[in-house]
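First up is the structure itself, then whatever we jot down about it.
The values are calculated or read from the model by the stated rules, or taken from the named source; none is laboratory data. As the structure is a prediction and not an experimental result, all values here were calculated from the model. Note: ideal-geometry Cβ built from the backbone for every residue, glycine included; neighbour counts use all protein chains shown.
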């Protein structure tokens, strides 16, 4: 899988939506080496996540009244597109359900949120002044790729290709395994130097690490107590 995350027609950003921003930051700092800090240049004073000085995501507090009561913790992933209105039209024509119509996020870009035909949520991002992911290849702790595990991976792959107009080169679509498979959702693959330390995170009871069958045991799934999860693999040498 070629690393082109952040390019047009690839995923380009994430936002962790949690009811425990402090606890989530502490866990991910310890496990993945991510740095959490308030972005003083942002008028909202938003919390940004970075790796070695490169921004990789944001954090939203679900206690904020903008979120409906009972909204579960989750990670929003943003897919970069050229024309959000045209791509929303293409997505709905290919079977997606529009959840949040396109709107302007200040002068940074435009956002829309949808549910794809297999049931996974995703957002589209048309950038203006905010480009999203920009980091050097093979950086430890950085996004490495995206995975969507579902019962109809071929349908999902064709949907995203039809929506963006080109294949997602940094995304894998894999079939779920077993009757206990979780609901379809996008997950980020993070490349780390020491995979064993991530797997040991469950020893202190603060997080869990499993080896999902659908990945063939090549990666571990790290999950926070709220259920925020990432797929973690060893960094290529």
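Selection of strands (runs of 3 or more DSSP E) fully inside the stretch 38-131 by the criterion of at least 3 residues being over 16 Å from residue 13 (Cα atoms) returns 97-105. Residue count for the stretch 153-177, restricted to those that are part of a helix (DSSP H, G or I) and either over 18 Å from residue 91 (Cα atoms) or assigned by TED's automatic domain parsing to the domain that holds residue 92 (or both): 0.
Give the stretch 222-237 a look and list any residue that's crowded, with 17+ Cβ neighbours inside 10 Å and within 20 Å of residue 72 (Cβ to Cβ), or say none. If the condition is that a residue be crowded, with 17+ Cβ neighbours inside 10 Å and within 20 Å of residue 72 (Cβ to Cβ), then 222, 224, 226, 228, 229, 230, 231 are the ones that fit. Taking the listed residues 35, 48, the one that is in contact with a helix residue (DSSP H, G or I) (Cβ under 8 Å, 6 or more places away or on another chain) and buried (at least 16 other Cβ atoms within 10 Å of the Cβ) is 35, with no other qualifying. Do we find a residue being modelled with pLDDT under 80 and touching a helix residue (DSSP H, G or I) at 6+ places or on another chain (Cβ under 6 Å) anywhere in the stretch 185-204? So far as the stretch 185-204 goes, yes, one or more of its residues are modelled with pLDDT under 80 and touching a helix residue (DSSP H, G or I) at 6+ places or on another chain (Cβ under 6 Å). Residues in the stretch 51-71 that are exposed (fewer than 10 other Cβ atoms within 10 Å of the Cβ) and either in contact with a helix residue (DSSP H, G or I) (Cβ under 7 Å, 6 or more places away or on another chain) or closer than 14 Å to residue 38 by Cα (or both): 1 in all. What tally of residues in the stretch 133-152 results from selecting those that are surrounded by fewer than 19 Cβ atoms within 10 Å (Cβ to Cβ) and either assigned by TED's automatic domain parsing to the domain that holds residue 96 or closer than 21 Å to residue 232 by Cβ (or both)? Residues in the stretch 133-152 being surrounded by fewer than 19 Cβ atoms within 10 Å (Cβ to Cβ) and either assigned by TED's automatic domain parsing to the domain that holds residue 96 or closer than 21 Å to residue 232 by Cβ (or both): 5 in total.
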